[in-house]
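J.: The structure that follows is given in the form of structure tokens.
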Amino acid sequence: MKIIAQRVTRASVTVEGRVTGAIDHGLLLLVGVTHTDTRANADWLARKIASLRVFRALDGPSHFDRSVIEIGGAILVVSQFTLYGDSRKGRRPDFTQAAKPDLAAPLIDYFCDQLRAQGIRVETGVFGADMLVDLENDGPVTLVLERA
């Protein structure tokens, strides 16, 4: 699994003119799945993201003192098969490393459930849909997390 995590002051996803998920202060996660990913990968990433110290404490000098749990933040998860696009050859990306929907969709749902099990409010986009993502990146802070 590959995740682009962005610290946001707000984020939302819209499908066919309807907002399907929206958060205020928290993390926007773009999540890609490849063929070899397992629940163990999802478990590890959910624990890592829940405890990742990327938020500032109100009384501290550092911008990286608190986790999303500690600030009472939320997470917006958006499926993103294009994270596994290979554009080294030609002019069109090759997406053969992206998992098919029958593997990717349940694994992303499982990942969201693992975040929720830690007490985090999780909103989502719609798997496979054409989505419009709106966000205000805070910092900006953008991290790449991957578990193979």
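The values are calculated or read from the model by the stated rules, or taken from the named source; none is laboratory data. Source: prediction; values computed, not measured. Positions of Cβ are generated from backbone atoms using ideal geometry, with glycine treated the same way; all protein chains shown enter the neighbour counts.
J.: Looking only at segment 91-148, which residues are part of a loop (DSSP other than H, G, I, E, B), within 15 Å of the chain's Cα centre (by Cα) and more than 16 Å from residue 13 (Cβ to Cβ)?
T.: Hits for segment 91-148 are 120, 147.
J.: What is the residue count in segment 5-51 for residues that are of a type in the set (Asp, Glu) and buried (at least 16 other Cβ atoms within 10 Å of the Cβ)? Write out each step before concluding.
T.: Within segment 5-51, the first condition is being of a type in the set (Asp, Glu), and the residues that meet it are 16, 24, 37, 43.
In the following step, the residues that additionally are buried (at least 16 other Cβ atoms within 10 Å of the Cβ) were identified as 37.
Adding up the residues that qualify gives 1.
J.: Just to be sure I understand, how many residues within segment 7-26 are more than 20 Å from residue 81 (Cβ to Cβ) and under 12 Å from the mean Cα position of the chain (by Cα)?
T.: Counting residues in segment 7-26 that are more than 20 Å from residue 81 (Cβ to Cβ) and under 12 Å from the mean Cα position of the chain (by Cα) gives 3.
J.: Residue 72 fails exactly one of the following numbered conditions: (1) out of contact with any Pro (no Cβ under 8 Å at 6 or more places or on another chain); (2) in a strand (DSSP E or B). What is the number of that condition?
T.: (2)
J.: Going through segment 52-68 one residue at a time, which ones are of a type in the set (A, V, I, L, M, F, W, C) and surrounded by fewer than 14 Cβ atoms within 10 Å (Cβ to Cβ)? Can you show your working first?
T.: Residues of segment 52-68 that are of a type in the set (A, V, I, L, M, F, W, C), as a first pass: 52, 54-55, 57-58, 64, 68.
58 - this is the single residue of segment 52-68 that is of a type in the set (A, V, I, L, M, F, W, C) and surrounded by fewer than 14 Cβ atoms within 10 Å (Cβ to Cβ).
J.: Out of the residues in segment 27-53 that are over 14 Å from the mean Cα position of the chain (by Cα) and not in a helix (DSSP H, G or I), state the one that is farthest from residue 108 (Cα to Cα).
T.: Here the answer is 53.
J.: What is the residue count in segment 114-128 for residues that are surrounded by fewer than 13 Cβ atoms within 10 Å (Cβ to Cβ) and either over 23 Å from residue 67 (Cβ atoms) or modelled with pLDDT under 95 (or both)?
T.: Residues that pass the stated criteria total 1.
J.: Something else about it: Condition test on residue 114, is it over 19 Å from residue 2 (Cα atoms), out of contact with any His (no Cβ under 6 Å at 6 or more places or on another chain) and either touching a residue at least 24 places away in the same chain (Cβ under 8 Å) or among the hydrophobic types (A, V, I, L, M, F, W, C) (or both)?
T.: Details: over 19 Å from residue 2 (Cα atoms): no; out of contact with any His (no Cβ under 6 Å at 6 or more places or on another chain): yes; either touching a residue at least 24 places away in the same chain (Cβ under 8 Å) or among the hydrophobic types (A, V, I, L, M, F, W, C) (or both): yes.
In short, no.
J.: Conditions first: (1) under 16 Å from residue 36 (Cα atoms); (2) touching a Ser or Thr at 6+ places or on another chain (Cβ under 7 Å); (3) not aromatic (Phe, Trp, Tyr). Residue 67 passes all but one, so which condition is the exception?
T.: Checking residue 67 against (1) under 16 Å from residue 36 (Cα atoms); (2) touching a Ser or Thr at 6+ places or on another chain (Cβ under 7 Å); (3) not aromatic (Phe, Trp, Tyr), the one that fails is (1).
J.: Six or more apart or on different chains, Cβ atoms under 7 Å: show the pairs whose first residue is in segment 69-87 and surrounded by fewer than 19 Cβ atoms within 10 Å (Cβ to Cβ) and whose second is of a type in the set (Ser, Thr, Tyr) and at pLDDT 95 or above.
T.: none
J.: Next question, about the same structure. If I go through segment 1-24 residue by residue, how many of them are without any contact (Cβ under 8 Å) to a residue 24 or more places away in the chain and not basic (Lys, Arg)? Lay out the reasoning, then the answer.
T.: From segment 1-24, those without any contact (Cβ under 8 Å) to a residue 24 or more places away in the chain are 17-19; that's our starting set.
Okay, now just the ones that are also not basic (Lys, Arg), so 17, 19.
Adding up the residues that qualify gives 2.
J.: OK, next. One residue is enough: does segment 134-148 have a residue meeting the conditions charged (D, E, K, R), in contact with a helix residue (DSSP H, G or I) (Cβ under 8 Å, 6 or more places away or on another chain), at pLDDT below 95 and surrounded by 14 or more Cβ atoms within 10 Å (Cβ to Cβ)? If you could, list the steps in order and put the result at the bottom.
T.: Narrowing segment 134-148 to residues charged (D, E, K, R): 134, 136, 138, 146-147.
Among the residues that remain, those that are also in contact with a helix residue (DSSP H, G or I) (Cβ under 8 Å, 6 or more places away or on another chain) are: 147.
Next, from what is left, pick out any that are at pLDDT below 95: 147.
From what is left, the residues that are surrounded by 14 or more Cβ atoms within 10 Å (Cβ to Cβ) are 147.
Yes, some residue in segment 134-148 is charged (D, E, K, R), in contact with a helix residue (DSSP H, G or I) (Cβ under 8 Å, 6 or more places away or on another chain), at pLDDT below 95 and surrounded by 14 or more Cβ atoms within 10 Å (Cβ to Cβ).
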